[in-house]
Amino acid sequence: MKFTAFPKKIWLSSPTMHGEELKYMTEAYETNWMSTEGANIGEIERLVCRKIGCKYAVPLSSGTAALHLAVKLAGVKPGDVVFCQDMTFDATVNAIVYEKAEPVFIDSEYETWNMDPAALEKAFELYPTAKVIVIVNLYGTPAQYDKICAIAEKHGAVVVEDAAESFGATYKGRQTGTFGTYNIISFNGNKIITGSSGGMLLTDDLAAANKARKWSTQSRERAPWYQHEEVGYNYRMSNVIAGVVRGQMPHLEAHIAQKKAIYERYKAGFRDLPVTMNPYDPDTMEPNFWLSCILIDKEAMCRQVRGDSESCWISEPGKTCPDEILTLLEKYNAQGRPIWKPMHMQPLYRMHPFVTRAGNGRGQTDAYIESQFVDVGADLFQRGLCLPSDNKMTPEEQDIIIAMVRSCFE
Ligand SMILES: *Cc1c(COP(=O)(O)O)cnc(C)c1O
């Protein structure tokens, strides 16, 4: 089939502005609250607390900064073992590494693509002293919190929830960003709503919120001069950025509805193809549908080999692979993306422990090899991809994307 390139690029997920953002930014300018204090800051704290149902929301310069402070609040010290979701964006792990702790990667499950509760249980067998779990809601889909939280409680571990991708999603009616003791959201440019940048730490613990505020302002002590008793950071959010977030907040639900419509349209469009969408349990979860992804059935995969920076595949009739689809989309000016490459496959982290439900894959014990268990993360990475999920994409444009994907299976 022949396609023509989209005249305007179809983005994976780009900022969607509404006008109020400019009003609040202008207010900051005209009242000269151009620093890290002002009405917008106070207002987004209030709005986000109300939306999430948490007591405290601390505005920070990025989701990564929020994660760093969350990991510190969880009491992570140099050398500590920290259980971390394996399939995620690198920012999740960086926060652990900033504190010189040892991340132990926990494999994913097919049900949500998030941390596998069975692998987490296994990890506590192997590392019974672990005290912190960092979990992610991938692409806006909540993890299985009933199971995860029960395991954490049984082992006396603190949960840090990286809800950077899932703002507005719920599990059993409860907002993500409330399942950990310390939780974070992000307002990076491609998230469900944006501040252009920025993030927030969410908690019900007043002392923790106050500590995060203090750390984020270079740990200034209460004194007439600059008095310092512990190391600090410049992690505050600007009141101008907060103005953008404030203007976006009323549109969060509309963005989610648009993203959900995109997900449903893809699902219908691929009904008869050998693919599945990024899954969730409709009985317990309402994702925010930040990104729509597909997983190609094993039988419909052509051969695809990936090196560290290049990929090679062999086309076959009736079969395809993520890199073939992504290359076709790119050719016609549409942006997709491979699934996050699991952390245990990253050159930076290759030598760190990695635990699947069958045990410690890194050790390659006889029991592990006999189990013939292929790690779920590597499999999802091999067969999955994120499709253009921009909420400004029209149904007509999306239909062309669907036709492009279909053509790869011909
Ligand atoms: C975007 C993202 C972050 C980091 O947020 P920033 O605001 O860009 O620092 C952290 N974790 C996950 C899973 C993300 O997708």
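The values are calculated or read from the model by the stated rules, or taken from the named source; none is laboratory data. None of the values given here were measured: they were computed from a predicted structure. Note that each Cβ is placed from the backbone with ideal geometry, even for glycine, and that neighbours are counted across all protein chains shown. Please note that ligands, DNA and RNA were not included when accessible areas were found on the heavy atoms of the full protein model with its side chains. Shrake-Rupley method; radii C 1.70, N 1.55, O 1.52, S 1.80 Å.
Considering only residues in the stretch 279-312 that are of a type outside the set (Asp, Glu) and assigned to a helix (DSSP H, G or I), the one that is least open to solvent (accessible area, probe 1.4 Å) turns out to be ALA300. Only one of the listed residues (VAL134, VAL76, VAL82, VAL104) is of a type in the set (A, V, I, L, M), within 16 Å of the ligand (Cβ to nearest atom), in the same structural domain as ILE184 (by TED's automatic domain parsing) and over 28 Å from ASP283 (Cα atoms). That residue is VAL82. Do you know which of the residues in the stretch 38-71 that are out of contact with any strand residue (DSSP E or B) (no Cβ under 9 Å at 6 or more places or on another chain) and of a type in the set (D, E, K, R) is farthest from the ligand (Cβ to nearest atom)? Taking the candidates together, the pick is ARG50. Consider the stretch 313-356 and keep the residues that are among the acidic types (Asp, Glu) and open to solvent by less than 50 Å² (accessible area, probe 1.4 Å). The one that is nearest to the chain's Cα centre (by Cα) is ASP323. When restricted to residues that are free of Cβ contacts under 8 Å to residues at least 60 places away in the same chain, of a type in the set (A, V, I, L, M, F, W, C) and within 13 Å of the ligand (Cβ to nearest atom), the stretch 110-131 contains 1.
Out of curiosity, is ASN94 surrounded by fewer than 20 Cβ atoms within 10 Å (Cβ to Cβ), over 19 Å from THR141 (Cα atoms) and within 12 Å of the ligand (Cβ to nearest atom)? Yes. Could you go through the stretch 132-142 and let me know if any residue there is under 17 Å from ALA91 (Cα atoms), in contact (Cβ under 8 Å) with a residue 24 or more places away in the chain and assigned to a loop (DSSP other than H, G, I, E, B). So far as the stretch 132-142 goes, yes, one or more of its residues are under 17 Å from ALA91 (Cα atoms), in contact (Cβ under 8 Å) with a residue 24 or more places away in the chain and assigned to a loop (DSSP other than H, G, I, E, B). Can you give me the ranges of the helices (runs of 4 or more DSSP H) entirely in the stretch 184-275 with at least 1 residues that are away from the ligand (no atom under 16 Å from the Cβ) and of a type in the set (Asp, Glu)? Passing ranges, in order: 252-269.
Yes/no matrix, rows are residues, columns are (1) within 14 Å of GLN85 (Cβ to Cβ); (2) acidic (Asp, Glu); (3) more than 22 Å from the chain's Cα centre (by Cα):
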{"site": "THR129", "(1), (2), (3)": "no, no, yes"}
{"site": "THR141", "(1), (2), (3)": "yes, no, no"}
{"site": "ILE148", "(1), (2), (3)": "yes, no, no"}
{"site": "GLU153", "(1), (2), (3)": "no, yes, yes"}
{"site": "ALA169", "(1), (2), (3)": "no, no, no"}
{"site": "LEU206", "(1), (2), (3)": "no, no, yes"}
{"site": "ARG222", "(1), (2), (3)": "no, no, yes"}
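Counting just the residues of the stretch 153-178 that are part of a loop (DSSP other than H, G, I, E, B) and hydroxyl-bearing (Ser, Thr, Tyr), which one comes out farthest from the ligand (Cβ to nearest atom)? Within the stretch 153-178, the match that is farthest from the ligand (Cβ to nearest atom) is THR178.
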